[in-house]
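Asker: Sharing a structure, written as structure tokens. Questions coming.
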Amino acid sequence: MRLSALFIVIGLLVSSSFAYAGDRCDNATTQAELTECSAQAYHTADDALNEAYQVLVDQLSNNVASLEKLRAAQRAWIGFRDAECAFESSAVEGGSAQPMIRNRCLESVTQARTQTLLEHARCEEGELSCPR
């Protein structure tokens with residue numbers, strides 16, 4: 001998938017998430033509804049992350065060393081994401097709001113990682129910090 005097509009896909013995922021959320025989630029009042037909406041937002045962010053990751057994997061397909069470093073970084077990031085969101089939701093541990101707080105953290109941390117991956121995919125070859 002070309003980089004420009006990726007941005008279109010990510011834009012569609014995000015906008016469809018907002019439409020879905022706008023229709024149902026703007027009027028969410030119960031904890032169950034709020035948790036469901038936060039889970040949907042996280043899944044949308046995760047889909048965008050997976051698209052960005054795959055673009056970078058494709059770009060690094062001829063650079064085995066960098067590809068392995070990306071995979072190691074992604075595995076480490078997943079561990080960080082899970083630990084960070086467990087910590088962030090620990091104030092309400094055991095409560096009905098914990099899944100919602102965790103989902104919101106997962107969404108936020110995932111969106112930040114997606115931006116990082118997209119920056120790596122967009123960097124200009126020859127830049128010293130460009131891993132491609």
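The values are calculated or read from the model by the stated rules, or taken from the named source; none is laboratory data. Keep in mind the model is a prediction, meaning the values are calculated, not measured. Counting neighbours? That spans all protein chains shown, and the Cβs are built from the backbone with ideal geometry, glycine included.
Asker: I need the full set of residues from region 100-116 which are touching a Phe, Trp or Tyr at 6+ places or on another chain (Cβ under 7 Å) and within 9 Å of Ser38 (Cα to Cα), in order please.
Answerer: Asn103, Glu107
Asker: Now, a different point. Any residue at all in region 23-35 that is modelled with pLDDT under 85 and assigned to a helix (DSSP H, G or I)?
Answerer: Scanning region 23-35, I find at least one residue that is modelled with pLDDT under 85 and assigned to a helix (DSSP H, G or I), so the answer is yes.
Asker: Name the single residue, out of those in region 102-132 being more than 19 Å from Thr44 (Cβ to Cβ) and of a type in the set (Gly, Ala, Ser), that is surrounded by the most Cβ atoms within 10 Å (Cβ to Cβ). It would help to see each step written out before you state the result.
Answerer: Residues of region 102-132 that are more than 19 Å from Thr44 (Cβ to Cβ), as a first pass: 119-132.
Narrowing the set further to residues that are of a type in the set (Gly, Ala, Ser) leaves 121, 126, 129.
Values: Ala121: 22, Gly126: 7, Ser129: 7.
If we take residues in region 102-132 being more than 19 Å from Thr44 (Cβ to Cβ) and of a type in the set (Gly, Ala, Ser), then Ala121 is surrounded by the most Cβ atoms within 10 Å (Cβ to Cβ).
Asker: Hey, does region 34-52 have a residue that's surrounded by 19 or more Cβ atoms within 10 Å (Cβ to Cβ), among the hydroxyl-bearing types (Ser, Thr, Tyr), in contact with a Pro (Cβ under 7 Å, 6 or more places away or on another chain) and touching a residue at least 12 places away in the same chain (Cβ under 8 Å)?
Answerer: Among the residues of region 34-52, at least one is surrounded by 19 or more Cβ atoms within 10 Å (Cβ to Cβ), among the hydroxyl-bearing types (Ser, Thr, Tyr), in contact with a Pro (Cβ under 7 Å, 6 or more places away or on another chain) and touching a residue at least 12 places away in the same chain (Cβ under 8 Å), which makes the answer yes.
Asker: Can you name the number of the only condition in (1) at pLDDT below 95; (2) at negative phi that Gly126 fails?
Answerer: If we test Gly126 against (1) at pLDDT below 95; (2) at negative phi, just (2) comes out false.
Asker: If I ask for residues that are small (Gly, Ala, Ser), part of a helix (DSSP H, G or I) and more than 30 Å from Asn62 (Cβ to Cβ), which ones from region 90-132 would you list?
Answerer: Hits for region 90-132 are Ser90, Ala91, Ser108.
Asker: Mind listing whichever residues of region 66-99 are under 18 Å from Ser38 (Cα atoms) and touching a residue at least 24 places away in the same chain (Cβ under 8 Å)? Outline the logic, then answer.
Answerer: Applying the first criterion (under 18 Å from Ser38 (Cα atoms)) to region 66-99 yields 81-82, 84-99.
Across region 66-99, the qualifying residues are Arg81, Glu84, Cys85, Ser96, Ala97, Pro99.
Asker: Another question about this same structure. Just a yes or no: is a residue in region 81-89 in a helix (DSSP H, G or I), closer than 16 Å to Glu107 by Cα and of a type in the set (Gly, Ala, Ser)? If you could, list the steps in order and put the result at the bottom.
Answerer: Of region 81-89, the ones in a helix (DSSP H, G or I) are 81-88.
From what's left, closer than 16 Å to Glu107 by Cα: 81-88.
Next cut, of a type in the set (Gly, Ala, Ser) only: 83, 86.
Checked against the condition, which is being in a helix (DSSP H, G or I), closer than 16 Å to Glu107 by Cα and of a type in the set (Gly, Ala, Ser), region 81-89 yields at least one hit.
Asker: Let me spell it out: the conditions are (1) surrounded by 15 or more Cβ atoms within 10 Å (Cβ to Cβ); (2) under 30 Å from Gln31 (Cβ atoms); (3) not β-branched (Val, Ile, Thr), and Asp82 meets all of them except one. Which number is the exception?
Answerer: (1)
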